[in-house]
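Student: Sending over a structure as structure tokens; questions will come in a sec.
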Amino acid sequence: MEKKVFYKDVDSIKSETEGANRIAKLLEENRKRLVRMNKVQFILDESLVFELTTYRHGGMRGIKEHIRRMNPVAGEEDIDRVARSTTEPHVRDEHYPDMKEMPVIETVRHPLQAAGRKLRGEDFTFSKGKYKPTKELLSEIEEYHTRYIETARQAEYAAALEDLKEAITKVEKIHKEKGIYFTAWNFVQQTSVIGSETFELDRPFIAEHYLPLMK
């Protein structure tokens, strides 16, 4: 059968989408900072802005790979110094004094995640000076927070739930007409037999407390 949407967590989709847009804005600002540094003295290619931003959460790996491609004999200390010079003012001022007072790259405090996974540099596009989350990432976020009816059994179950909702709504309407106000959950708790393994109406309780009110 063709799958149908049962539930879409709109709040989580909105929150993660806004989070992805904030990350894109941070990448944009960090790239501008790196461009300014590189104009004084070239440090790192601007394509590494995502790796620098996530320096403390796996980004260092990409930085090392890039530097070693450019300079195969670069040592660990040299690579670490270069990366930290873009993110830590005291390291930058020590090795690149001409860049004093320039803003450094702002690194994230926590791993970047969305759609239940760690974000990657390729989850963002750069065009005309701006970063944006890719359409694929936004679709993945929406898909991750969407639940589907995919089988006939699930469809049957969902239909039964709708029937239940309709029945409780009808009872609530009758209650309101009589000036009785209870939440649906309280009503179900009050009118079901306590301790029963299956849902069973507590007829004695209803007969004494509710039925007389319906005259």
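Student: Tell me, which helices (runs of 4 or more DSSP H) wholly within the range 125-215 include 1 or more residues that are without any contact (Cβ under 8 Å) to a residue 60 or more places away in the chain and touching a helix residue (DSSP H, G or I) at 6+ places or on another chain (Cβ under 7 Å)?
Tutor: Qualifying helices (runs of 4 or more DSSP H): 152-177, 184-191, 203-209.
Student: Given Arg81, Arg61, Arg92, Arg56, which one is in contact (Cβ under 8 Å) with a residue 12 or more places away in the chain and under 32 Å from the mean Cα position of the chain (by Cα)?
Tutor: On inspection, the qualifying residue turns out to be Arg56.
Student: Restricting the search to the range 11-39, which residues are more than 19 Å from Glu106 (Cα to Cα), touching a residue at least 60 places away in the same chain (Cβ under 8 Å) and of a type outside the set (Asp, Glu)?
Tutor: Ser12, Ile13, Thr17
Student: Let me ask something else about it. Out of the residues in the range 60-87 meeting the condition of being open to solvent by less than 30 Å² (accessible area, probe 1.4 Å) and not in a helix (DSSP H, G or I), tell me which one is farthest from Glu46 (Cα to Cα).
Tutor: Among those that are open to solvent by less than 30 Å² (accessible area, probe 1.4 Å) and not in a helix (DSSP H, G or I), it is Gly75.
Student: Any residue at all in the range 98-120 that is surrounded by fewer than 17 Cβ atoms within 10 Å (Cβ to Cβ), in a helix (DSSP H, G or I) and at pLDDT below 90?
Tutor: Yes: the range 98-120 contains one or more residues that are surrounded by fewer than 17 Cβ atoms within 10 Å (Cβ to Cβ), in a helix (DSSP H, G or I) and at pLDDT below 90.
The values are calculated or read from the model by the stated rules, or taken from the named source; none is laboratory data. On a predicted model such as this, the values are computed, not experimentally measured, just so you know. FYI the Cβ positions are ideal-geometry reconstructions off the backbone, even for glycines, and counts take in every protein chain you see. Each accessible area value is taken on the protein alone, full model and side chains, heavy atoms only, with ligands, DNA and RNA left out. Shrake-Rupley method; radii C 1.70, N 1.55, O 1.52, S 1.80 Å.
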